[in-house]
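Structure, as structure tokens:
The values are calculated or read from the model by the stated rules, or taken from the named source; none is laboratory data. It should be emphasised that the depicted structure is a prediction, and the values quoted were computed from it without experimental measurement. FYI the Cβ positions are ideal-geometry reconstructions off the backbone, even for glycines, and counts take in every protein chain you see.
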Amino acid sequence: MTTNDKTAGKHKIALNRRSRAEWTGDLVHGSGRLTVGSGAINVPYSFKSRIEDGQSATNPEELLGAAHAGCFTMALAAQLSGAGFTPSELDTVAKVSFEKIGENFQITRIELETSADVPGVDETTFRALAADAKKNCPVSKALAATEIKLKATLRNAETSRTPTEVAVGKD
């Protein structure tokens, strides 16, 4: 991350994060481990866990979804805080669609569903801040070639509880 116009004059932050994938065997029968530099994640993964539900190993799409949900949620917290609102709770789920198209697999869509308890914020402001968080989340930007949908629900809204849906990427 580097500075932009909004953070001009503040300290510049530039970080490099490291992750590692190890694999043994062929694609169908092999398996591996995924780790991150902090040591917080050290998990098995396999082709079977990628194409079948109910496996005890993870897959790149689950990890991508977790990264995107985490990044978006932090970006939303930043947007809300910057606007003077302190969220009591933010909860985001990322659904990553992985499909075979022709001879190749690809990630075709990411749907973010977030719900929030934010005292004092109105629905219009919340929706605008959620849309901005999705647009400016660093992971959303990195995945700009993939359609990313967002459904944002303010649980404590005094008005309509109609979720907002916004699409970013491939626009």
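Could you run through the stretch 36-61 and say how many residues are in a strand (DSSP E or B) and within 23 Å of Phe105 (Cα to Cα)? Looking only at that region, the number is 5. When restricted to residues that are of a type in the set (Val, Ile, Thr) and more than 20 Å from Ile110 (Cβ to Cβ), the stretch 70-86 contains 1. Do we have Arg50 as among the charged types (D, E, K, R) and farther than 19 Å from Ala94 by Cα here? Criteria not met by Arg50. Pairs are defined by a Cβ separation below 9 Å, a sequence spacing of at least 6 or placement on different chains, a first member in the stretch 134-147 that is in contact (Cβ under 8 Å) with a residue 60 or more places away in the chain, and a second member that is in a loop (DSSP other than H, G, I, E, B); the pairs so defined are Pro138/Met1; Ser140/Gly169; Leu143/Gly169. Consider the stretch 105-115 and keep the residues that are touching a helix residue (DSSP H, G or I) at 6+ places or on another chain (Cβ under 7 Å) and either under 16 Å from Leu90 (Cα atoms) or not assigned by TED's automatic domain parsing to the domain that holds Met74 (or both). The one that is surrounded by the most Cβ atoms within 10 Å (Cβ to Cβ) is Leu112. Can we say Glu52 is charged (D, E, K, R) and either modelled with pLDDT of 95 or more or surrounded by 18 or more Cβ atoms within 10 Å (Cβ to Cβ) (or both)? Considered against the rule, which asks whether it is charged (D, E, K, R) and either modelled with pLDDT of 95 or more or surrounded by 18 or more Cβ atoms within 10 Å (Cβ to Cβ) (or both), Glu52 comes out as no.
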